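Here is the structure we will look at.
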Amino acid sequence: MIVTARTLHPGTASGEVIRLTAPLSFWGGTDEVGRIIDAHHPQCGAILAGRILLMESGRGSSSASSVLAEQIRTRTAPAAIILARLDPIIPLGALIAHELYALATPVVVADQYDALPADGLVQVDARPDQATITWSTVSR
């Protein structure tokens, strides 16, 4: 399956999906190992590091971009972030990490967010002009 997306920050990544059921702020919402620590988040305790993060949007503070940039630097950030709608704070963190540390974490807004899988392996290829999100379904 393939879904197109709008690139907010370019890069390529693949990994296991984690789909959040509520928005998340990286500032105060995650810890230094990429775990959700927001006690009010429905997925508190989940590890985001190295995974393909799907969420409707970020939540809150502009400081979240600096936290995300630091997680990218320490390699405890999601491998890629797929959003349902535009959020300027999330790609700013990826841009900062790219400029300071030459690390590329793709951030995209999916055209058909609801069609994306809730689990499994996903590939994100975010070029400046367009992004594609691919995965394969396993028949049982």
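A few points about this structure:
- Rounded, prolate or oblate (a/c below 1.5 giving rounded, otherwise prolate when a/b exceeds b/c) for segment 18-100 by Cα gyration tensor: rounded
- Rolling a 1.4 angstrom probe over the chain with all protein chains present gives an accessible area of which 54% lies on carbon and sulfur atoms.
- Heavy-atom surface of the chain, accessible at 1.4 Å and reported per residue (Å²): 49
- Positive contributions from Lys and Arg (+1) and negative ones from Asp and Glu (-1), summed over other residues with Cβ under 11 Å from the Cβ of Gly58, come out at 0.
- Residue-count net charge about Val108 - beta-carbon cut-off 13 Å; Lys, Arg +1, Asp, Glu -1: -1
- Segment 1-107: GluC sites (Glu not before Pro) falling in loop per DSSP and having at most 13 other Cβ within 10 Å: Glu32
- Here r is the Cβ-Cβ distance between Ser136 and Val33 and R0 is 25 Å; the resulting FRET efficiency, rounded to 0.05, is 0.25.
- Relative to the current alpha-carbon distance between Ile2 and Arg127, full extension at 0.36 nm per residue lengthens the span by 43.5 nm.
The values are calculated or read from the model by the stated rules, or taken from the named source; none is laboratory data. These figures come from a predicted structure and were not determined experimentally. Every residue, glycine as well, gets a Cβ built from its backbone with ideal geometry; the counts of neighbours run over all protein chains shown. All accessible areas refer to the heavy atoms of the entire protein, side chains included, with ligands and DNA or RNA removed. Shrake-Rupley method; radii C 1.70, N 1.55, O 1.52, S 1.80 Å.
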